[in-house]
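The values are calculated or read from the model by the stated rules, or taken from the named source; none is laboratory data. Predicted model, so just to flag it, every value in this text is computed and none were measured. Counting neighbours? That spans all protein chains shown, and the Cβs are built from the backbone with ideal geometry, glycine included. Accessible surface areas use protein heavy atoms only, side chains included; no ligands, DNA or RNA. Shrake-Rupley method; radii C 1.70, N 1.55, O 1.52, S 1.80 Å.
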Amino acid sequence: SDAGTLKRIDYSLIKGGGLHTLLTTTNVTSAVSEVAFTSNIDSTYRKYKITWDSLIPATDSAQLNTQLYIAGAYKTDSYYNYVHREFNAGGSVGSTNSTTNSSFRLMGDGVGSDTGENANGELIIYTPSDTTEKKMISWTCSHQRNDLEMCHGIGAGHYNNGESACTGIKLYMSSGNIATGLFKLYGIT
């Protein structure tokens, strides 16, 4: 009888997230201009997830941004189309959006750079190898501003200049470097 026996449950399957396979880890312990994933994003998985923990910018109040690597280059043109909604502990709600930006902006307010201020979050890249669909991502991020007010944001966007395969992605701050942070890339079945 199984009565009274605890069984391990894989929560990722329950929430519909699929199994996550860790592909790459980047631990930033001294300042870098970006964290890039330019390998392991291919047709092996239909979805890829990038997570970041304890991200602290070198420049106070900088926001986290991301660009896609398509056809051998990071796309820096003005075809990033996104919407982002952010809530903060002070009760205000803000949104940012663009149909002509040069990156996806993953935060509304910037994150503080002092001890105890940091950002944590994740983004998902959907069907990066499919050449019949726009490259789409979604994200969620929680962080503390430089006044220690807690913020939580969600967003989604797509790259609106063709359907070529995406084989990489980079994360970087709107100003200055990434001082510290733990970044991981997962394939999702």
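Given the conditions (1) of a type in the set (A, V, I, L, M); (2) more than 20 Å from ASP130 (Cβ to Cβ); (3) open to solvent by less than 60 Å² (accessible area, probe 1.4 Å), report the number of the one that LEU22 does not fulfil.
Failing condition for LEU22: (3).
Could you say which residue among GLY116, GLY108, GLY72, GLY112 is without any contact (Cβ under 8 Å) to a residue 60 or more places away in the chain, under 22 Å from THR29 (Cβ atoms), in contact with a Ser or Thr (Cβ under 9 Å, 6 or more places away or on another chain) and not polar (S, T, N, Q)?
Values: GLY116 fails: in contact with a Ser or Thr (Cβ under 9 Å, 6 or more places away or on another chain); GLY108 fails: under 22 Å from THR29 (Cβ atoms); GLY72 fails: under 22 Å from THR29 (Cβ atoms).
Within the list GLY116, GLY108, GLY72, GLY112, the selection yields GLY112.
Kindly provide the set of residues from region 50-66 that are open to solvent by 10 Å² or more (accessible area, probe 1.4 Å) and either among the aromatic types (Phe, Trp, Tyr) or out of contact with any Gly (no Cβ under 8 Å at 6 or more places or on another chain) (or both), ordered by number. Talk me through it step by step, then tell me what you get.
Taking region 50-66 as the starting set, the residues that turn out to be open to solvent by 10 Å² or more (accessible area, probe 1.4 Å) are 51, 53-54, 56, 58-61, 63, 65.
Selection gives ASN65 alone.
Conditions (1) under 19 Å from PHE104 (Cα atoms); (2) surrounded by 21 or more Cβ atoms within 10 Å (Cβ to Cβ); (3) at pLDDT below 95; (4) hydrophobic (A, V, I, L, M, F, W, C), marked per residue:
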site	(1), (2), (3), (4)
THR132	no, no, no, no
CYS141	yes, yes, no, yes
LEU148	no, no, yes, yes
TYR159	yes, yes, no, no
LYS170	yes, no, no, no
LEU182	no, no, no, yes
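Say we look at region 52-80 and pick out the residues that are under 16 Å from the mean Cα position of the chain (by Cα) and among the aliphatic types (A, V, I, L, M); which of these is nearest to THR115 (Cα to Cα)?
ILE56
Please enumerate the residues belonging to region 163-182 that are under 14 Å from GLY72 (Cα atoms) and aliphatic (A, V, I, L, M).
Those that are under 14 Å from GLY72 (Cα atoms) and aliphatic (A, V, I, L, M): ALA165, ILE169.
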